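Data block below; observations after.
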Amino acid sequence: MSKVELPPAVLDCLKNEMQIEMKHFFEKYDSFDDSFKVTANGLLSNMLMVSKVSSSFSKDVDFYEDGTDEQNEFMDAMFSCFEQLNILKKLEAYKGIYEHVNRGENDWFPIVVISSPIDSYPEQPAKLTVYRGCSLKSFEDKSYRDRQSWTTDFDTAKVFAFNHYGFDKEDRVVIKTTVSNSDIFWMRTGEGEVVLNPKFTPLSDVIKLDYEQCNQGRQI
């Protein structure tokens, strides 16, 4: 078993300030060997320190490009998180970390948990229909409910299901779900995104489109 552990101050920041989903984080972190973990720990500790005191984070922190593609991608994502923490404050930093774009290709990393409502939406209906592209397996085992990011736009969900990231398209579906207004934690303008309560319970859920239907309609 690895003896290299994440520095406590970094762990506290990721968990409590950034609200990163730590089980998912450690799946990535623990996939690296101890040699890289030592390097990463030093870089992350420095990023944390600089994020608290510097007015020019990107100039004061060296960008890491000396590892494998996966290691570089990991450090790139974490660099962006700490940069947002440095630039923005409190709620805006939290939102910025959720939104940052350098979060990998096939594996969205890190996952940020929006644990409480960012805003309320009384102008929206009591029940809202949302969509998400995911694997058939995640629909069948209901693990899709662990994901907060949905969209009100069916075409956007279709793109994420069948055209993004190089997934096996035959295993992909678009889910249509109805949720309560009270489960809406944040509505973002881009891609009609709706961020749901991480403990939301769907009022209904069906497969709106699978690969065969999509292929027959020549939609991919």
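No lab work stands behind these numbers, since they all come straight from the coordinates. These figures come from a predicted structure and were not determined experimentally. Virtual Cβ from ideal backbone geometry, glycine too; neighbours counted across all protein chains shown.
Of note:
- Ordered by the number of other Cβ atoms lying within 10 Å of each residue's own Cβ, fewest first, THR177, THR68 fall into the sequence THR68, THR177.
- Volume per residue of the C-alpha convex hull in segment 8-99, rounded to whole Å³: 93 Å³
- For the pair GLU191 and GLN124, the difference between a 0.36 nm per residue extended length and the Cα-Cα distance amounts to 22.4 nm.
- Residue among TYR211, MET187, TYR131 farthest towards the positive dipole end of segment 127-216, charges placed on Cβ: MET187
- Relative contact order %, segment 127-216, counting alpha carbon pairs below 8 Å whose residues are six or more apart: 35 percent
- For the chain, the mean residue ellipticity at 222 nm estimated from helices alone is -11500 deg cm²/dmol, where every DSSP H run of n ≥ 4 contributes -39500 (n - 2.57) and the total is divided by all residues, rounded to the nearest 500.
- Counting only the Cα atoms, the chain fills a convex hull of 140 Å³ per residue.
- Overall dimensions of segment 112-220 by Cα: Rg and Dmax, Å: 13.7, 41
- The coefficient of translational diffusion for segment 105-162, derived via Stokes-Einstein from the alpha carbon Kirkwood radius under 20 °C and 1.002 mPa s, stands at 160 µm²/s.
- Part-to-part distance (alpha-carbon centres) for segment 108-140 and segment 16-91, which is given in Å: 26 Å
- Rough spin-label spacing in nm, given labels placed 7 Å along Cα→Cβ, for LYS52 and SER182: 3.9 nm
- Contact order normalised by residue count of the chain, Cα under 8 Å, 6+ apart, percent: 17 percent
- Between ASP155 and ASN41, the modelled labels are 5.1 nm apart [label points 7 Å from Cα along Cα→Cβ].
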